[in-house]
Each structure stands twice: as C-alpha cells, then as structure tokens.
1. Residues that are closer than 27 Å to residue 214 by Cα, at pLDDT 90 or above and within 17 Å of the chain's Cα centre (by Cα): list the helices (runs of 4 or more DSSP H) wholly contained in segment 243-311 that include at least 3 such residues.
2. Which of the residues belonging to segment 195-204 are under 14 Å from residue 161 (Cα atoms) and without any contact (Cβ under 8 Å) to a residue 40 or more places away in the chain?
3. Can you tell me how many residues within segment 46-69 are closer than 18 Å to residue 17 by Cβ and surrounded by 14 or more Cβ atoms within 10 Å (Cβ to Cβ)?
4. Out of all the residues in segment 82-95, is one or more modelled with pLDDT under 90, among the hydroxyl-bearing types (Ser, Thr, Tyr) and touching a helix residue (DSSP H, G or I) at 6+ places or on another chain (Cβ under 6 Å)?
5. State whether one or more residues within segment 172-186 are modelled with pLDDT of 85 or more and farther than 22 Å from residue 132 by Cβ.
6. When segment 218-228 is examined, which residues are found to be assigned to a helix (DSSP H, G or I), surrounded by 14 or more Cβ atoms within 10 Å (Cβ to Cβ) and out of contact with any Asp or Glu (no Cβ under 8 Å at 6 or more places or on another chain)?
Amino acid sequence: MGALTIYQDSYINATILSNRFIDYYMTDANDAQLKVYLYLVRMMNAHLETSVGDIADRFNYTEKDVLRALKYWKDKELLDLDLDENGSVTGVHLKNICQLEKMGPTVESTHMPQPVAAPQSAAPVEGVIPIKPSYSASQVKAFKASHESPESGIDIFYLAEVYRKKPLSPSDISTIIYICEELGFSDEMFDHLLQYCTERNKSDFRYIEKVAISWKEAGVTTPEEADNLPGKYDRKVYEIMRQLGKTGNTPTKTEVSYINRWVCEYGFADDIILEACERTVLATEKNRFQYADSILKNWKEKGVGKISDVQDLDRQHEKKSSAKTSSGDRSAAGVNSSNGFNRFSQRGDIDFDELEKKIVKN
C-alpha cells in the first residue's frame, strides 16, 4: 500500500499562547498590560505590523498607557524594545518564554492530577500530599453518613453550603472528601478551614483546597496552629513581602517558610517582624530574607518579646558604641603620653578659659 495523504475540511485560525505566560506572568498583570501583550502575540502570529498608536486606538487607551504596558513587559524580560535616536519605539522583539530561566510554579505543580480510576482511600502519610482521586456515588453517600452529626442531623456538605451560600457542585463534593479523607482533616479542622477562607472572601473550592494542602505540608493539625501559620495567600505574607521591597511578586515556598519561622518558631508579633524588615531594606538590596532572618534570630537569642525590647537593645548598643568612641578619642589624644601638650583634648569642646587660668598660674 502507498503513503496516505492526510487532510481536513477546515483549519482553526488561532493564536497560540504559552502556558507559562498563563501560569507565571498573567497573575500580576493588569488589564492594559494583558491586552497589549496578547495583541502583540496575535499580530506576530499573523505576520502583521502594528504601532503604539494603532494599539491605543484599538483598545481606547492613550499612547502613554501602551508605552507603560510595553515597559512593564520589558522589565519582566518578555520583550525588548527597539528605539530611535529620539527614544521612540520602532520595534518590539518578543522573547521565547520557554527559554527564560526565571520561572515560577506552573499549574501542573500546584494542582493535583485526577486519575481515571477511583482507588481506595488510604491513611494519610506524614509529609506526603496524596493524589486527589475521583469518588463513586456510593463513596459520597458513605462519607456523608459518617460525617453527619447524630444530634442535629447536619452533615459536612450542608455546613459547606451554609458557608458558601450556594449549592455544592460534584467537584466541590469531591474536594471536601479529598480534604477530609486523603489530607486527614477532622470535622473541626475542616470547619475552621471554611471559616478561614470565608473571612478572606475566598469561597472558591480551588482556593480552599490550596490552603488545605499548605496546612498539610506545614504539619498543621489544630485550629490554633492554623491561625498562627501564614499561608502563601495570607495578607500578612504580602505585607512582609511589600516591606522587603518584593511588591508585585508571588511569594515562593522558601519565602513563606522564612515568614512561618519568624511567626511560629521565633514567635514574633507583626510589629517586630516589620521592624526587622525595615532595617533590612536600609542595609542591603540582596538576600533580604536571609538578612532579616539573621536579625530576628539574634533578637530571639537575646530574649526579645516586644518592640520595647528592641529599643532597649538599641540603647545598649549606642552606649557601648559611645564608650568605645570615647576611649578611642582619649587614646588618640595621648592620655598616656609623657608629652604634656598631648594630655589636652584636641576636640572642639576645650574650656579655653580654664586652660588660660592654668597657664597664668604656672
């Protein structure tokens, strides 16, 4: 038999966008920045020309809006700009996102794959995040019955609906079972999880699942531990990130681990942590999390418990510095020298009237 010729009736006129752009760059970009970048990709794929004015007219922006968006993506290293002698943009070079070294987490790394088969639930293993399975109707029914209060007859699904103020979808029900069975959350912990997310106006079960996984990874087993543990999406984390000059960045797992250490292991309140961050920014532009950690570790070793303790340490440090400076000045002035002239201080606080009296008397 000869070779086959493969063809189809129609082709899709589409613009291909890298998944890495969606996973890593799209989160922090605003509306104008997204539209400008997507339009550039569209025009490049079609081999068409465009201009700053053309983009501004198409999206009802000013040219300054477009230029700001271009500069934003240039700072993100997704494109380069060709400029003429007057500084006007004459060309845009879109870079290959897949070849860039600086990459954040992808969707695949933050979402558990769902297998086709429905394995039997196993006991949670410490430190290991199990895969999220699918559940049969009989498994859902059995779970609901086992998590129903004998006194009130209220089950865990009803509780979730009350918090979310809307009916649960099949996907939501699967997530609840996964959190309780595979991640090992008790009814009390699941109730606290719903409260925690609802208080932050986050009722989407994808968010709830991410928080649950982060608590599991951190070894949280009680509501009290959960309250003291900043998560990746916690407002406290972003405040510390901002204080350290990390605005616009999604916190990494390492950065969150530092913050968790300061809060949980060191037991510091927010004002002490932010004070250390402020001092870090004034001292260095690099490795700020490590630098702040060294400050807080030192304070922990010296028994700091409140901000006034930090102020006491500052005063002690100033006294020691003043004493050293004073000792150094006396030495430089020749206090121990046999030369009589050198016994007088060479600084500007000499009492010349007293000196004159001594000279006249002698």
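1. Once the helices (runs of 4 or more DSSP H) in segment 243-311 are filtered for at least 3 residues that are closer than 27 Å to residue 214 by Cα, at pLDDT 90 or above and within 17 Å of the chain's Cα centre (by Cα), what remains is 270-283, 288-301.
2. If the condition is that a residue be under 14 Å from residue 161 (Cα atoms) and without any contact (Cβ under 8 Å) to a residue 40 or more places away in the chain, then 195, 197, 198, 202, 204 are the ones that fit.
3. 4
4. No; the residues of segment 82-95 include none that is modelled with pLDDT under 90, among the hydroxyl-bearing types (Ser, Thr, Tyr) and touching a helix residue (DSSP H, G or I) at 6+ places or on another chain (Cβ under 6 Å).
5. No, segment 172-186 contains no residue that is modelled with pLDDT of 85 or more and farther than 22 Å from residue 132 by Cβ.
6. Of everything in segment 218-228, those that are assigned to a helix (DSSP H, G or I), surrounded by 14 or more Cβ atoms within 10 Å (Cβ to Cβ) and out of contact with any Asp or Glu (no Cβ under 8 Å at 6 or more places or on another chain) turn out to be 225, 226.
The values are calculated or read from the model by the stated rules, or taken from the named source; none is laboratory data. Only a predicted model underlies this, so the values are computations on that prediction, with no experimental measurement involved. Please note: Cβ atoms are built from the backbone with ideal geometry, for glycine as well, and neighbour counts cover all protein chains shown.
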